[in-house]
Structures are given as structure tokens and as C-alpha cells.
Amino acid sequence: MRKKLLAVTLGVCMAGSMLYGCGSKEAPAAPDGQAAMSLDSAQEDGDAGKADKDKAASGEVRTVVFWDENAGPNRTPYYEELIKRFEEQNPDIRIEYVGLPNSDAKNKIEVAVTGNAAPDVCGMPPQWQAGFILNDALEPLDTYFDSWEEHDKINQSIVESLRTLSVDDKLYCIPNTSTFNPMFWGRKDWFEEKGVEAPGTWDDFYNLVELFTDSDAGTYGFSIRGGAGGPMQLQEYLYAYSGITQPFTEDGKSTINDPKNVEALDRLKDIYNKYTPESDISNGYKEMVAAFDTGSAAMIQHNLGSFGEHSKTLGEGKFFAFAPPVSATGKRVISGGYPVNGYVMFKQSQVKDEAWRFISFLCSAGSQSYWNQNIGQVPTHTDLTNEDWVVNTQHINEAMKMQSDDNTVAFPYPLYLPDYQSIQDSIAAPGFQAVLAGQKSSEEFLTEWADAMTGAQAEYTQLIKK
């Protein structure tokens, strides 16, 4: 069964490589003009890294290759500063930074692993990890973590949630940042001008979408993420709307095609290209955020991570964060488990001790404070909980209130499924766009998605029995 699952996962991966150009020599353009990484340059980087590793035997500097899975102008400068600080404190280590556009980073990493050219350290969200763990590509970090002097300062509930991604309950990722999903952003100045407040129900939300739309002026009530990354945000919205709190029924069937989720998607489909921009069908993260920041959309759905861009473009007083409306059940459903990010080490690394020194540096109190304060997310280091920038920031306070509310339920996304991300990419992404384009009904699409999830759950259940 393990071999069968690996074959399925790698088969989808390679299909994705052909579809999205992941096997080509040139990578797609990086966000906002940032230099993209080609496979040739990655190989050259790997060759340089090997040369440095050979020099290590004679006491020379060792190189740790670090891949940033979500590179861009709103993140890369902060990594550059952290790397500078690390190298000053660790003159025996050089960090080789490689920035990947998030839209195809996972495929690039998979290709590198297959070609025995994986980086030493890589940023990685939880929803990608199960497949790499099953493929025996990641190094267990328990021994390193347990001996680290700050290990008991990292939020233990987050650490334990990351352990659930593996069948062996080992820790493969050290978290340095967390966020809350779904979160919504609104144009505060527009809300004040109309004399309205954040929506408390989904009917309120859709009424506001209509209220803020003036298509003649090119302004819309909402912007949908229909392109890269869209399926994850879509399912957050579906479960927040329906109030369903489990991904599977007791007999192992996916709940994604529940009638209340179908209703939710129908309502979203009905506002597309009427109360949202037509371009939403292909919008990725940066396009959706641009629609909000440039005044084309009154509201968007995203996590805390876009705070930095809103702040730089709009300035204080023109935007605010608000929790998703309560569902029909009266509960507010948020995402449990996956709204964190951290760093993994690949088994192929020949500089594991040095790689760990870099990972632990990135997850230390000082680095987490610098990183999270600049990108607008929540640190996982408990020493930072009461820092002024955490306590006095509107969007973080909104997230904290949402999390601590007794009426809030955390939805447990099945990120442990090895095929979880490949189903998102191969079924959910094109299916969602087909619904927006009017080529497929909401029910038809969600049934296809549900069938794939049900099958993946059944295979996983058989795997853990062996």
C-alpha cells in the first residue's frame, strides 16, 4: 500500500510538472519582478554547495542551501536581513538563498528531491509535508529539537499538530509563524463612508458585496481567489459558511459536497463577474491583494500574512481585519492545524548540523519577533506573546478574539493525507474555475472533489493498518 500511495503521489507530481512547466529548464517569473530560479541555476547552486561541503573537511566555511517557498518583495528582504545576522553570528556557515514563486514551489521541490538535488533547508506549509514524509525525503528533527534550549518556548499545541502529519508521530517541521484562516480584510474608509460594520452573518456579507459594487466606476464588493491557491481558500469559505465541523463522516465519506457547501459555492459563483472583477477567475494571491490595495475591491478573504502589503500600500486607517461571519449553525468555523509555517530539513543534506543551526536561529525569539512583526503574523515563540506589537495590533487582536471565543470551532483539515495537495491541484483548482466559468455545476464539482478525498482517506486508513 505504501508503494501504491507513493506511485499515485509521484505520478500526480510529474503530471503537474508537465502541466505547469516544472520539468522545464526555465521557471515562471517570480512575483513583482523578483529574479526567478531556473533548474540550471539550481543545479549550479547545488554544485557550489557540494564544493563548499568538500572544503569543510579542511576547516573552511560550509554552505547551507535554503529554499524560500514563497519568495517575493514583501518577504525576501526580511530573509536577507536574517541571513546577514546569522552569518555574522556563525562565520563558519554561509547561507545560499534561493527564492521560489509560491505558485509552483512544491513541484520544484519534488523535482529536486527526485533528482537528488534537494536543498538543505526549506520553508514548508503543513499541507505539503505528508507526501514528503511518506516519501522518506525529510529528516526527523526530534533529537535536534529536544536538545535545543528554546524548544519548550515553542507553542506545544502547534508542535503536536505538526506531529500528526506523520504516521510515526515524529516532528519534521519547526514552526516559526502562525496565522488564522479564514480572515477577511475590509476597506475601513469605505465602510465608514457607507456607515456599515463588519458582517455578522453570511446574508450581511453578501448584502455588503452588493452595496460596495459600482461596476461603472470599476469598484466591486469582493475579489475571489480563483487562481493559484484558490482551492484552500475556497474550502475555508465553504466550511465557514456551512458550519460543518468534520472533513469526513463516520463511515469515511468526504463532507465537501454536503448540500450546505453546494449552497455556499452557488452563492459565491453568483457574484462572480457581477459583484467581483472578471479577472478573479485566474487571480492568485498577488492579483487578489492588488485588487484590494488599489481600490478595486472592498473586501477580500486572506490570512494575516497580507497585512504588510496592505499597510505599505494603503497606510493606517484605511483597512481592517474581521472574522468570518457565523455559520447557519450559529458556530464560527475556522481552520485548525494548518495555518502555520516553518522549516524542514531534507535527508539528502550533508550538512545537517549546520542546517539545524540555521533552522533554530530562524525559530528563535529574536528572529521570530523580527519576521512576524514585519509580515504581520503571529509568532509561535511564547516569550513574544506580550510584546507591544502583538498586543496592540488590530488584526492580531481580531484573530486572538476569534480563536478564544467559545462559539468558535476549529476545523481539522486532513493534511495527513499524502494526496491532499495533489487533489487540490489536479481536481479542485480546475474544477473551481470551471464552476466560475459556468462550465460545471457546483454540485458536480464538489462531488468530484469529495470522491477523490474519500478515496484518499480510504487508502490512508489501509496504510496505517499495515
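Between the C-alpha center of the stretch 295-318 and that of the stretch 132-149 there is a gap of 36 Å.
Radius of gyration (Cα atoms) of the stretch 242-326, expressed as a multiple of 2.2 N^0.38 Å: 1.35. Averaging the Cα positions of each part gives two centres, and for the stretch 341-359 and the stretch 88-127 these lie 10 Å apart.
Summary value for the chain: 23 percent relative contact order, contacts being C-alpha pairs under 8 angstrom separated by 6+ residues. Over the stretch 107-221, the alpha carbon radius of gyration divided by the compact-protein estimate 2.2 N^0.38 Å works out to 1.64.
Loop-resident GluC sites (Glu not before Pro) (DSSP state other than H, G, I, E or B) in the stretch 300-383 with no more than 13 further Cβ atoms inside 10 Å of their Cβ: Glu316.
Per-residue ellipticity at 222 nm from helix content only, as computed over the chain with -39500 (n - 2.57) for each DSSP H run of at least four residues, stands at -14000 deg cm²/dmol. Binning the alpha carbon pair distances of the chain at 10 angstrom intervals from zero yields the distribution 4, 20, 31, 28, 13, 3, 0, expressed in whole percent.
Taking the fewest neighbouring Cβ atoms within 10 Å as the starting point, the ordered list for Tyr79, Tyr413 is Tyr79, Tyr413. Applying Stokes-Einstein at 25 °C and 0.890 mPa s to the Kirkwood radius of the stretch 357-466, computed over alpha-carbon pairs, gives a translational diffusion coefficient of 137 µm² s⁻¹. Looking at the calculated P(r) for the stretch 142-184, what percent of the C-alpha pair distances fall above 13 Å? Tail of P(r) above 13 Å: 59 percent of Cα pairs.
Rg and Dmax over the alpha-carbon atoms of the stretch 186-244 stand at 13.1, 38 Å. The dipole here belongs to the chain: it is taken about the Cα centre, uses +1 on the Cβ of Lys and Arg and -1 on the Cβ of Asp and Glu, and is about 740 debye. According to the Cα-based calculation, Rg over Rh for the stretch 152-207 is 1.27, with Rh computed by the Kirkwood formula.
Taking all Cα pairs closer than 8 Å and separated by 6 or more residues, the relative contact order of the stretch 252-364 comes to 11 percent. At what distance in angstrom do the alpha carbon centres of the stretch 410-438 and the stretch 171-242 lie from each other? Spelled out, the Cα-based centre of one part sits 19 Å from the other.
Rule-based calculations on the coordinates, nothing more; no lab input. Treat the numbers as computed from the prediction; the structure is a model and nothing was measured. Quick reminder, even Gly has a Cβ in these numbers, built from the backbone with ideal geometry, and neighbours come from all protein chains shown.
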